[in-house]
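Novice: Here's a structure for you.
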Amino acid sequence: MTDSILYSLAPNGVATVTLNRPELHNAIDNSLIDQLSALLDTIQANPAARVLILTGNGMSFSSGVDLDWMRRMTDYTEAEHLHDAQSLARLLYKLDTLRLPTIASVQGSAFGVGAGLVACCDVAVATAEALFGFSEVRLGLIPASTAPYVVRAMGERAARRYFITAERFNAEKAKRLGLVHIVVEHEALQAQVNYLTEMLVRNGPNAIAGSKALLRDVWGKVINPALVEFTAEQVAGVRSSPEGREGVAALLEKRKPNWQE
């Protein structure tokens with residue numbers, strides 16, 4: 001797509017987005033934010049895209065905010081700071097609510113915004129040597145844009161510690177905290193990601209999108225008659241949908257559903 005972001009779409013619908021600033025450990029600036037946000041819009045609108053893999057080229061997934069961008073920020077007005085913060089917040093929200101299942105493939109460092117991108121993905125796979133952390137407080141800043149997604153992944157108690165200490169933690173700790181799902185040796189990373197994509201493309205694309213939306217609708221809600229009725233309506237709607245009917249018919253007829261063709 002650009003020098004800073006590489007994009008490919010395989011015949012099976014697997015879209016791969018690679019942050020491509022290896023000399024800067026894939027540090028993120030305002031230009032990359034805008035490019036990635038536009039690319040997510042393109043992927044969202046492409047019915048051929050079935051799975052998204054987000055990764056980084058080189059030693060790191062993403063080391064966080066680019067230092068040159070920080071230098072430029074020193075002369076910003078509050079309105080300019082707000083504009084940049086809103087752009088980042090919108091990017092994270094787009095990634096979090098993308099209709100496709102998303103996989104973060106993480107090697108090296110994932111700090112600050114980089115760790116936030118991981119938290120926004122549905123599944124996160126990391127190499128054993130990967131490191132995570134939130135260093136904003138060391139600069140007198142706060143991790144506000146990434147906080148909703150990181151707190152959801154790690155829980156408030158763990159996030160409280162790592163937000164205020166700026167400690168780095170390894171992949172195994174990230175797994176125990178819930179930020180990462182799977183930890184593998186570096187040479188096994190691609191094989192694990194391939195396995196996950198093979199699982200995901202077997203599933204109904206509308207059902208995946210619906211399941212992601214369902215989680216947003218029911219998470220944190222009190223289980224009451226209104227929520228019970230809502231979930232029953234969701235089941236009925238999906239069962240009567242073309243994809244739902246096709247999936248059941250394929251099972252009964254002992255064939256593959258049409259989305260696997």
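The values are calculated or read from the model by the stated rules, or taken from the named source; none is laboratory data. Here the structure is a predicted model, which means the values were calculated and not measured. FYI the Cβ positions are ideal-geometry reconstructions off the backbone, even for glycines, and counts take in every protein chain you see. Note: areas computed on protein heavy atoms with side chains; ligands, DNA, RNA excluded. Shrake-Rupley method; radii C 1.70, N 1.55, O 1.52, S 1.80 Å.
Novice: If the chain between Arg90 and Thr231 were fully stretched, how many nm would it gain, using 0.36 nm times the residue separation less the Cα-Cα distance?
Specialist: Gain on stretching Arg90 to Thr231: 47.9 nm.
Novice: Mind telling me which of Thr74, Thr231, Thr97 comes out most flexible in a GNM of the chain, alpha-carbon contacts under 10 Å?
Specialist: Among Thr74, Thr231, Thr97, the largest mean-square fluctuation in the Gaussian network model of the chain belongs to Thr74.
Novice: Tilt of helix 156-165 relative to the longest C-alpha principal axis of the chain, in degrees (0 to 90, nearest 10)?
Specialist: Its long axis makes an angle of about 20 degrees.
Novice: Follow-up question, since we're still on this one. In square angstrom, what is the accessible area per residue of segment 118-231 with a 1.4 angstrom probe?
Specialist: On a per-residue basis, 56 Å².
Novice: Between His25, His83, His181, which gets the highest mean-square fluctuation from a Gaussian network model of the chain, Cα cutoff 10 Å?
Specialist: For the chain, modelled as a Gaussian network with Cα springs under 10 Å, the answer is His83.
Novice: Tell me, what does the Kirkwood hydrodynamic radius of segment 112-251 come to in angstroms if you use every pair of distinct C-alpha atoms?
Specialist: When all Cα pairs of segment 112-251 are included, the Kirkwood radius is 17.6 Å.
Novice: Can you work out ³J(HN,Hα) from phi for every residue in segment 98-110, in order, using Karplus 6.51 cos²θ - 1.76 cosθ + 1.60 and θ = phi - 60°, giving whole Hz and x for Gly and Pro?
Specialist: With the stated coefficients, segment 98-110 comes to 4, 5, 6, x, 10, 10, 8, 10, 10, 10, x, 9, 9 Hz.
Novice: Further question on the same structure: Mind checking which lysines have their Cα closer than 23 Å to the Cα of Lys94? Skip sequence neighbours fewer than 8 apart in that chain.
Specialist: Counting by Cα, and skipping residues close in sequence, Lys94 has these lysines nearby: Lys212, Lys221.
Novice: GNM, the chain, Cα, under 10 Å: largest mean-square fluctuation among Val51, Val106, Val235?
Specialist: Of Val51, Val106, Val235, the Gaussian network model singles out Val235 as fluctuating most.
Novice: Right, something else. Per-residue ellipticity at 222 nm for the chain, helices alone: DSSP H runs ≥ 4 residues times -39500 (n - 2.57), over residue total, nearest 500 deg cm²/dmol?
Specialist: About -15000 deg cm²/dmol.
Novice: Pop out the carbon and sulfur fraction of the accessible area of the chain as a percent, whole number, probe 1.4 Å.
Specialist: C and S atoms contribute 58 percent here.
Novice: Restricted to Cα positions, what overall size does segment 175-227 have along the principal axes? Three whole-Å values, descending.
Specialist: Answer, in whole Å and largest first: 49, 29, 10 Å.
Novice: Using only Cα atoms, tell me the angle between helix 78-96 and the longest principal axis of the chain; keep it within 0 to 90° and round to the nearest 10.
Specialist: Taking Cα atoms only, the helix is inclined about 30 degrees.
Novice: To check my understanding: the extent here is largest minus smallest coordinate of the Cα atoms along each principal axis. What are those three numbers for segment 13-99, in Å, largest first?
Specialist: 43, 30, 15
Novice: Another one. List, largest first, the extents of the alpha carbons of segment 1-151 along their principal axes, each in whole Å.
Specialist: Computed over segment 1-151, the largest-to-smallest principal extents equal 46, 35, 31 Å.
Novice: Still on this structure, I have one more. If packing is taken as the average count of other Cβ atoms within 10 Å, what order do 28-36, 203-211, 113-121 fall into, highest mean first?
Specialist: Descending mean neighbour count gives 113-121, 28-36, 203-211.
Novice: Taking the radius of gyration and the Kirkwood hydrodynamic radius from Cα positions alone, what is the Rg/Rh ratio for segment 137-201, to two decimal places?
Specialist: Here Rg/Rh amounts to 1.08.
Novice: Cα atoms only, segment 87-137: Rg and Dmax in Å?
Specialist: Cα-based Rg and Dmax for segment 87-137 come out at 11.3, 33 Å.
Novice: With θ taken as phi - 60° and the coefficients 6.51, -1.76 and 1.60, list the Karplus ³J(HN,Hα) couplings across segment 219-236 in order, rounded to whole Hz; mark glycine and proline as x.
Specialist: Per residue, the Karplus-derived 3J(HN,Hα) values read 5, x, 7, 6, 7, 9, x, 5, 5, 4, 5, 4, 5, 5, 5, 5, 4, 4 Hz.
Novice: Quick one: dipole size for the chain, taken about the Cα centre, charges +1 on Lys/Arg Cβ and -1 on Asp/Glu Cβ, in debye to the nearest 20.
Specialist: Charge dipole, the chain, about its Cα centre: 860 debye, nearest 20.
Novice: Here's something else I'd like to know. Translational diffusion coefficient, Stokes-Einstein: compute it for the chain using the Kirkwood radius over C-alpha pairs as Rh, at 25 °C and 0.890 mPa s, and state it as an integer in µm² s⁻¹.
Specialist: The estimated diffusion coefficient comes to 125 µm²/s.
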